[in-house]
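Reading through the structure tokens given below for one structure.
The values are calculated or read from the model by the stated rules, or taken from the named source; none is laboratory data. Note that the structure is a prediction, hence the values are computed from the model and not measured. Cβ placement follows ideal geometry from the backbone for every residue including glycine, while neighbour counts extend to all protein chains displayed. Protein only, heavy atoms only, side chains kept; ligands, DNA and RNA dropped before computing areas. Shrake-Rupley method; radii C 1.70, N 1.55, O 1.52, S 1.80 Å.
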Amino acid sequence: MYGIKDAFPNLPERIEGLRDLAFNLWWSWHPEGRELFKQLSRTGWYLSRQNPVRMLNSLETSVLKSASEDPHFLRHYDAVMARFSITTDPSASWFCANVGDASQRTFAYFSAEWGLHHALPFYAGGLGFLAGDFLKECSDLGLPMVGVGFMYPAGYLRQNITPDGWQAGACEIMDRENAPIRRVRDRDGQPLIVKVPVIEPALYLQVWKVEVGKASLYLLDTSSDRNDPSNRCISDRLYTGDQEQRLRQEIVLGIGGIGILKAMGIDFSVLHLNEGHPAFAILERVRDLVAKGMTFERAFEKARATTLFTTHTPVPAGHDVFSFQLMEKYFRPYIGELGLEWQQFMKMGTDPKDPRGFNMTVFALHSSAYHNAVSKRHMEVSRQMWRHLWPDLPDRAIPIDYVTNGVHVPSWIDRTLGDVILNKYLGRDWLENHDNQAVWGLLEDIPDDVLWRNHTRMKRRLINFIRDRARIKWFSQGSTDCRLPMASGVLLDESTLTLGFARRFASYKRATLLLQDVERLKRLLNDTWRPVQIIYAGKAHPDDDQSKGLLQQVFDASRNPQFGGRIAFVEDYDEQLAQYLVHGVDVWVNNPIPPMEACGTSGMKATLNGVPQLSILDGWWMEGYNGSNGWAYEGAYGQDRDQRDSQALYDILENRVVPLYYETDDRGIPVGWIRTMREAMRVSGPQFSARRMVKEYTNRFYRKCMDEVIRS
Ligand SMILES: *Cc1c(COP(=O)(O)O)cnc(C)c1O
């Protein structure tokens with residue numbers, strides 16, 4: 001089905017397997033896969049920013065030829081290819097052993113964002129990484145999952161901060177020829193084209209495939225020249241501010257997404273909606289059944305009984321509401337085909353408490369049998385938010401359950417920590433069994449100095465990486481203003497206690513909370529013997545000037561000499577920078593306004609690597625904090641909450657975090673601190689892993705949906 005042979009025509013036959021390996025993101029979470037590409041050309045790997053497709057496209061034929069004749073390289077090549085074919089074989093897996101034959105069924109996971117690797121910039125934040133980590137874990141467990149999302153040619157924004165601290169990001173047009181994605185072709189070898197119903201003038205989709213181990217992700221692309229110019233840009237970029245464009249995106253994602261699966265002959269039985277954006281997929285499933293002769297009622301019941309909807313945020317902007325006029329413009333004729341009355345359809349998406357338009361979350365709640373929030377706290381909040389949709393039910397019976405998010409352990413664990421230290425002390429099968437609590441009990445056996453040496457190595461790598469970026473930026477700007485490299489972290493110091501704060505600059509995340517009390521902050525940072533430094537990173541939404549203002553405040557602090565170069569703002573937070581940060585800082589700081597952080601996942605990545613979290617009690621930390629794996633404080637209420645929350649934060653830093661970090665034994669090792677690091681890993685490794693999460697989704701929801709398929 002795919003045009004495979006057209007890539008890397010000069011790849012020698014002996015190492016031809018590199019073609020399939022390069023196009024399967026399997027390498028991104030299997031260190032031996034990455035190592036093989038690095039062995040091929042260290043410079044090529046660096047220059048391609050760890051993207052093997054780009055690298056193979058640019059390597060000289062002579063380099064490839066000599067690799068194909070080098071016995072040392074070939075030994076590694078053969079070993080990696082053997083591993084690749086074993087671990088992508090679907091028959092040996094948790095799913096087959098515990099649930100059923102994976103070839104008999106398929107699940108579909110729809111999401112507007114996908115965070116898989118920095119070479120594929122189809123994400124803005126946590127929602128995307130959740131989807132990406134989910135799919136990788138489905139591959140590891142052998143769940144027969146296909147993902148559906150958008151190919152955003154303009155990706156999300158590449159951040160560039162002007163000398164006065166304003167985010168002047170630009171969308172970098174993605175270079176499809178050099179990305180690990182392949183165009184899906186039809187039987188004749190032509191690019192597959194699928195027409196989307198509903199939108200006039202007619203809209204045609206092209207499809208791209210990303211291989212994610214055993215799982216596949218299909219990306220919709222509206223840029224075909226067959227489309228009216230106004231339609232070509234529908235999938236241009238993530239989260240446009242224009243309501244009509246956004247509605248069209250969601251029509252393409254939901255309805256077009258079902259259309260492409262059908263066109264490719266992928267018959268799925270369970271539908272999982274990641275947030276409300278793709279909820280129109282339910283309608284298209286119903287339309288299909290009605291076209292086959294079912295009544296609307298039966299068709300709806302059947303689609304509903306096999307759909308799971310995950311809600312992700314209490315923030316209003318996360319719940320799309322489209323005006324009734326807009327809905328009318330796009331959906332009138334379509335709804336007629338379903339045998340559904342217009343008023344009835346509108347009612348399915350109207351929030352009785354706020355009836356200003358068609359609400360995608362309300363529609364998704366009405367049209368799916370199973371609903372879940374992403375942490376226990378978020379479930380309680382979501383039940384309160386939506387309890388009026390079920391006026392007859394008592395609070396505890398509101399049908400919104402929860403599955404707390406988790407992170408994909410092989411993707412986020414530091415390589416040396418996982419491959420060398422945990423392999424040695426937890427046993428070589430630790431990764432295979434990482435959701436088993438007992439495995440992590442063996443962390444106690446790791447000597448303090450081994451853990452500490454590895455931590456300081458990760459920290460050094462982070463600081464070197466940041467300095468390198470600062471150097472490149474200074475160089476490329478050609479500015480003589482020395483405050484710029486200072487602001488981007490050249491004065492960071494390896495022996496200083498380092499706080500990390502990296503996340504989207506959404507205002508509820510309160511990036512500037514730590515900067516509230518300048519005098520207290522100065523004392524904390526500039527202490528002679530026990531100094532502190534802070535590394536910031538994160539993007540503001542391109543249409544959100546308020547968030548850009550917050551970012552500017554952080555940037556101003558970072559170049560303010562009063563803070564002595566101990567605050568750094570690192571540009572362009574993406575997957576790669578996140579990897580360095582969650583491995584290399586000493587403390588992960590999190591201070592949203594409760595209960596706005598539905599779950600949060602970056603803190604899970606940090607704690608997995610022995611970086612304890614200091615967080616307000618919200619999201620996953622309500623379940624994760626146990627008194628000895630980090631620090632927590634209750635959020636304040638009322639007008640001066642920011643003021644009081646920031647004081648609580650400084651109190652913990654001054655009285656608990658700083659003393660513990662700097663209290664070392666006669667070898668210079670902070671023994672108490674290392675106890676906290678170990679405890680952070682012990683809690684997060686099993687419990688906040690994507691493995692625990694995917695198993696929970698399977699056992700609690702997918703199984704019920706599958707039973708329904710068998711019954712009907
Ligand atoms: C994990 C991750 C996120 C999500 O972090 P939160 O804690 O939910 O804010 C966002 N961006 C990147 C690059 C990540 O890796």
Expressed as a whole percent, how much of the Cα-Cα distance distribution for the chain exceeds 50 Å?
12 percent
Can you give the accessible area of Arg246 in Å² (nearest 10), computed on protein heavy atoms with a 1.4 Å probe?
30 Å²
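Give the calculated FRET efficiency between Lys262 and Tyr46 to the nearest 0.05, with a Förster radius of 45 Å applied to their Cβ-Cβ distance.
Efficiency for this residue pair is about 0.60.
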List the GluC sites (Glu not before Pro) within region 662-712 that fall in a DSSP loop (any state other than H, G, I, E or B) and whose Cβ has at most 14 other Cβ atoms within 10 Å.
Glu663
Extension gain, Asp188 back to Tyr508 (0.36 nm per residue minus Cα-Cα distance, nm):
110.1 nm
Can you work out the FRET efficiency for the pair Glu654 and Gln39, with r the C-beta to C-beta distance and R0 = 45 Å, to the nearest 0.05?
0.40
For Lys539, give me every one of the lysines with a C-alpha distance below 16 angstrom, ignoring sequence neighbours fewer than eight places off in its own chain.
Lys509, Lys548
Rounded to the nearest 0.05, what FRET efficiency do Lys704 and Ser479 have when you use their Cβ-Cβ distance and R0 = 41 Å?
0.10
A chain fully extended from Asp6 to Ser495 at 0.36 nm per residue, minus the present Cα-Cα distance, gains in nm 171.0 nm
Which aspartates and glutamates, if any, have their Cα less than 19 Å from the Cα of Lys195, not counting same-chain residues under 8 positions apart?
Asp186, Asp221, Asp225, Asp228, Asp236, Glu250, Asp267, Glu284, Asp288, Glu337
Taking 1 over the mean of 1/r across every pair of different Cα atoms in region 410-688, what Kirkwood radius in Å do you get?
19.2 Å
Cα to Cα, under 24 Å, and not fewer than 8 places away if on the same chain: which lysines meet these conditions relative to Lys704?
Lys136, Lys214, Lys262, Lys302, Lys376, Lys695
Give the long-range amide H neighbours of His408: residues separated by 5 or more places, or on another chain, with amide H under 5 Å away, using H modelled in the peptide plane at 1.01 Å from N.
Ala690
Pulled fully out, how much extra length does the chain show between Ser103 and Gln639, if you take 0.36 nm times their separation in residues and subtract their Cα-Cα distance?
187.3 nm
Here, GluC sites (Glu not before Pro) of region 494-585 satisfying both criteria (DSSP loop; at most 16 other Cβ within 10 Å) are Glu494
With the dipole of region 13-87 defined by +1 on each Lys or Arg Cβ and -1 on each Asp or Glu Cβ, the option from Phe73, Ser85, Asn51 whose Cα lies farthest towards the positive pole is Asn51
Which whole-Hz couplings ³J(HN,Hα) result when phi for each residue of region 634-645 is put into the Karplus expression 6.51 cos²θ - 1.76 cosθ + 1.60, θ = phi - 60°, listed in order with x for Gly and Pro?
6, x, 8, 10, x, 4, 9, 4, 4, 4, 6, 5
Within the chain, longest stretch free of exposed chymotrypsin sites (Phe, Trp or Tyr not before Pro) [DSSP loop, at most 13 other beta carbons within 10 Å]:
1-528
Could you give me the percent of Cα pairs per 10 Å distance bin for region 592-685, shortest bin first, beginning at zero and ending with the bin that holds the maximum distance?
16, 43, 31, 8, 1
How large is the helix-only mean residue ellipticity at 222 nm for the chain, computed as the sum of -39500 (n - 2.57) over DSSP H runs with n ≥ 4, divided by its residue count, in deg cm²/dmol to the nearest 500?
-12000 deg cm²/dmol
